[in-house]
Amino acid sequence: MKLSTQIKPISYLKAHAAEIVRNMNVKHEPLVITQNGEAKVIIQNIESYEQTLETMALLKILALGNQQIDAGKVERAADAIKRLRDGKDRR
């Protein structure tokens with residue numbers, strides 16, 4: 001997807017709002033809205049927005065995991081499974 005093909009001025013948004021909403025549900029591509037020649041906002045359909053949020057959440061989880069690895073807060077999987085089966089909490 002090339003954002004350069006999805007750039008419209010705010011006047012276009014004002015004049016074609018209903019058409020833009022219809023197209024969002026078909027194309028699933030974001031639309032960049034400009035004001036005075038500068039990009040100001042991005043409009044996207046709800047499904048794409050929710051997918052973006054889920055992706056961001058997963059990336060945050062991965063980043064936290066990497067931080068824990070870097071801090072040495074790791075445990076062998078076999079040890080963790082044994083601890084859980086034994087009902088012991090290492091805290």
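The values are calculated or read from the model by the stated rules, or taken from the named source; none is laboratory data. Bear in mind the structure is a predicted one, so any value in this text is a computation, not a measurement. As a convention, Cβ positions derive from the backbone with ideal geometry for all residues, glycine included, and neighbour counts pool all protein chains shown.
Being within 16 Å of Leu3 (Cβ to Cβ) and hydrophobic (A, V, I, L, M, F, W, C) is the filter here, so list the residues in the range 19-43 that pass it. Outline the logic, then answer.
Step one: list which residues in the range 19-43 are within 16 Å of Leu3 (Cβ to Cβ), which gives 20, 23-24, 27-34, 37-43.
Passing the criteria: Ile20, Met24, Leu31, Val32, Ile33, Ala39, Val41, Ile42, Ile43.
Is it fair to say Arg83 is more than 18 Å from the chain's Cα centre (by Cα), on the phi < 0 side of the Ramachandran plot and loosely packed, with under 11 Cβ neighbours inside 10 Å? Reasoning before the result, please.
Working: more than 18 Å from the chain's Cα centre (by Cα): yes; on the phi < 0 side of the Ramachandran plot: yes; loosely packed, with under 11 Cβ neighbours inside 10 Å: no.
No: the conditions fail for Arg83.
Of the residues that make up the range 37-48, is at least one over 22 Å from the mean Cα position of the chain (by Cα) and either surrounded by 10 or more Cβ atoms within 10 Å (Cβ to Cβ) or at positive phi (or both)?
Yes, the range 37-48 has at least one match.
Let's see how each residue does on (1) outside the structural domain of Pro9 (by TED's automatic domain parsing); (2) closer than 30 Å to Lys8 by Cβ; (3) in contact (Cβ under 8 Å) with a residue 12 or more places away in the chain:
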site: Pro30; (1), (2), (3): no, yes, yes
site: Thr34; (1), (2), (3): no, yes, yes
site: Glu38; (1), (2), (3): no, yes, no
site: Met56; (1), (2), (3): yes, yes, no
site: Leu59; (1), (2), (3): yes, yes, no
site: Leu62; (1), (2), (3): yes, no, no
site: Gly72; (1), (2), (3): yes, no, no
site: Ala77; (1), (2), (3): yes, no, no
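What are the pairs, 6+ residues apart or on separate chains, where a residue within the range 1-15 that is outside the structural domain of Gly37 (by TED's automatic domain parsing) and at pLDDT below 95 has its Cβ under 6 Å from a residue that is surrounded by fewer than 14 Cβ atoms within 10 Å (Cβ to Cβ) and not in a helix (DSSP H, G or I)?
Between residues of the range 1-15 that are outside the structural domain of Gly37 (by TED's automatic domain parsing) and at pLDDT below 95 and residues that are surrounded by fewer than 14 Cβ atoms within 10 Å (Cβ to Cβ) and not in a helix (DSSP H, G or I), there is no close pair.
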